[in-house]
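All remarks here apply to the structure that follows.
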Amino acid sequence: MTAVELLLIRIDYFRDRPHYVSVLREWLTELEISNGRLITMGNFLLLFVAATEAQNDQLLTFYSSREIDSNSRGERCVDKFIDVLGRKKVDTSGCKGFLEMNVLNQTLLQKVLVDEWQAEQTWLDAALATPRTKAFLEWKEAAKAARKEKRKREGQKKQIKREEEKQKREQEATQKALEEAAAVEEGQGEKQEESEEQSTAAEKDVVISKELVAVMPLSSEKEEPVKDIRQQQQSKQLQPSGPSKKNRNKKRRKSSTAAS
């Protein structure tokens, strides 16, 4: 006689219960598993199976590879949130046929699973210890950590971007300051050159003025005697060449006296 293996699975949640139950029945029929119960106690869901070890192995393979439920987007998906609470070989099991069963409380659940069908109390205690399956809670924590890490990476990227923008602004400000300083320095250089040119021109003017001052007295001394001589010559030219009128009058009087 083939030994019976008891398998207890905790199911986390039915998103589409009719479809889930229908697919589960198809799997059991395909695997020729005829004994088991789908147990519901409020939101607490258990699948109890009494079959061979090979049949139970194949059932778990179906769970890991075949679609049985729907996700939040309404798409068919694998139920990856089940917990395998335990497996145990027994000579025989009192569970006959496959049915859906509703249980009102933990006491009745314990009586059926542990007392009648020989499941382990520790399996049931582990299932009742958490509000959701451990597989779901682990996935939730992993997803939370992944989101946290993603936010961290995004924050780091934003920080790097802010630092790059800050450095760019600082570089632009530095470049602008250098350009302004160069422009000011160039302007000052031009003013200095203009000032130097003006200073050089003024110095040249001073030198020329000194040269003129040095030359002008010599020219005046030489020209003034010449000018006096010319004026004297012109005065002589203006005087009449004959005797003066007074002398002529004297001669006339002398002539008259002699005639008398």
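Report, by residue number, each residue of region 66-111 that is among the aliphatic types (A, V, I, L, M) and crowded, with 18+ Cβ neighbours inside 10 Å.
Ile68, Ile82, Leu85, Val103, Leu109
Of the numbered conditions (1) of a type outside the set (Val, Ile, Thr); (2) over 25 Å from Asp79 (Cα atoms); (3) assigned to a helix (DSSP H, G or I), Lys96 fails exactly one; give the number of that condition.
Result: Lys96 fails condition (3) only.
Quick one: which of Val84, Val49, Val90 is in contact with a Gly (Cβ under 6 Å, 6 or more places away or on another chain) and closer than 22 Å to Asp115 by Cα?
It is Val49.
Of all residues in region 5-35, how many are within 25 Å of Leu128 (Cα to Cα) and in contact (Cβ under 8 Å) with a residue 40 or more places away in the chain?
Number satisfying all stated conditions: 16.
On the basis of being outside any helix (DSSP H, G or I), over 40 Å from the mean Cα position of the chain (by Cα), among the polar types (S, T, N, Q) and farther than 21 Å from His19 by Cα, does Gln118 make the cut?
It is true that Gln118 is outside any helix (DSSP H, G or I), over 40 Å from the mean Cα position of the chain (by Cα), among the polar types (S, T, N, Q) and farther than 21 Å from His19 by Cα.
Evaluate the following for Lys111: is it outside the structural domain of Ile9 (by TED's automatic domain parsing), closer than 24 Å to Leu45 by Cβ, outside any loop (DSSP other than H, G, I, E, B) and basic (Lys, Arg)?
For Lys111, the condition - outside the structural domain of Ile9 (by TED's automatic domain parsing), closer than 24 Å to Leu45 by Cβ, outside any loop (DSSP other than H, G, I, E, B) and basic (Lys, Arg) - is not met.
Among the residues of region 38-55, count how many are surrounded by fewer than 21 Cβ atoms within 10 Å (Cβ to Cβ) and out of contact with any helix residue (DSSP H, G or I) (no Cβ under 8 Å at 6 or more places or on another chain).
7
The values are calculated or read from the model by the stated rules, or taken from the named source; none is laboratory data. Treat the numbers as computed from the prediction; the structure is a model and nothing was measured. Note that we place each Cβ from the backbone using ideal geometry, even for glycine, and neighbour counts take in every protein chain shown.
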